[in-house]
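Comments concern the structure below.
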Amino acid sequence: MVPFVLFPLPVPLLASTSPAPLRGAILAVSVLHDIDLTVTSDGVRLDGRPPVRLGWPDLADAARGVAPQSAAGVRRLVDYLRARQLLVAGTAADRVGPGSAGAPRPYAVTVGSSMHPGPGWAQAAVRGGILELGLGLSGLRSACPGVVFPLPEAAGRHAGVDLTAAQADAGRYLDAMASLAVARFDRRPADPLRPMGDCDVLTLLASAPYRAGLVAGSATGGLRAVAVPMRDRGWADLRHTDREFLICAAAVTPPERRGCDRALLVTREEVTVTPWRPRSPAPAPARLPPR
């Protein structure tokens with residue numbers, strides 16, 4: 001009998017393509033996150049109207065770059081499955097058209113944030129190197145109904161969504177919400193910055209009309225420092241806000257709603273972070289001469 005040789009796959013490839021880890025992760029998704037599904041030999045069927053069939057390659061693509069059974073992998077699969085349900089239910093035109101419940105929304109995230117979905121997600125970068133703008137979707141997290149979270153890039157691609165058209169619709173929606181937010185800021189400039197519609201404060205900062213409205217009345221001539229330690233709240237008057245407040249406010253905010261723990265410098269064209277300025281060390285206590 002002639003022996004044959006099995007060439008082992010590289011560990012990352014094996015982890016991403018073997019259905020065994022994915023089966024365990026899908027079981028965790030179903031039990032822990034209450035998603036009705038049926039595991040089949042070739043993938044998963046999401047129970048719903050209509051049911052959605054997903055192959056193992058699609059699920060592996062959704063968890064690409066992380067271990068499927070890790071917390072990050074399970075979280076990605078949950079978002080992916082719920083996004084597929086929202087995007088595929090009914091006709092694509094009905095679900096992703098402007099104003100529909102399943103329409104992709106604008107979503108901005110800071111570069112390096114734990115909420116950044118990774119390469120391929122961002123549709124645009126805001127000048128300054130700190131904010132990237134992509135698509136989000138409401139309804140992905142059952143614990144946060146009505147809150148927009150990043151739309152997994154693989155979900156939109158596998159569902160056949162025209163991402164270019166969706167991004168154009170989301171951009172128009174963002175500029176409309178930005179105009180309303182600027183009008184509110186003009187009426188009450190001392191109030192905290194708050195979300196408008198489905199756009200949180202970080203996402204509003206990705207809109208040029210919103211940035212223009214913030215800096216229009218600035219005493220510094222087209223430049224304003226803004227504090228946004230959480231996505232749902234910001235301050236355009238930093239006279240009563242210091243670095244320690246930003247650090248603490250960001251630290252106590254859940255990661256999925258966290259903003260930036262550094263002040264942001266906003267102009268009409270860009271958003272960037274302020275450089276750290278270390279404080280002068282406290283003077284050493286005076287030493288009395290020995291008696």
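Values computed for the structure shown
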{"item": "Any hit, segment 147-161, residues being modelled with pLDDT under 80 and surrounded by fewer than 23 Cβ atoms within 10 Å (Cβ to Cβ)", "result": "no"}
{"item": "The lone exception for R184 - which of (1) at pLDDT 90 or above; (2) more than 28 Å from T241 (Cβ to Cβ) it fails", "result": "(2)"}
{"item": "Unique match (being surrounded by fewer than 23 Cβ atoms within 10 Å (Cβ to Cβ) and among the aliphatic types (A, V, I, L, M)) among A71, A63", "result": "A71"}
{"item": "Helices (runs of 4 or more DSSP H) wholly inside segment 170-263 that include at least 3 residues being free of Cβ contacts under 8 Å to residues at least 24 places away in the same chain, exposed (fewer than 15 other Cβ atoms within 10 Å of the Cβ) and within 24 Å of the chain's Cα centre (by Cα)", "result": "243-252"}
{"item": "Odd one out for R45, checked against (1) within 24 Å of A170 (Cβ to Cβ); (2) at pLDDT 50 or above", "result": "(1)"}
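The values are calculated or read from the model by the stated rules, or taken from the named source; none is laboratory data. Because the structure is predicted, anything quoted here is derived from the model rather than measured. With ideal geometry, Cβ positions are generated from the backbone for all residues, glycine too; neighbour counts draw on all protein chains shown.
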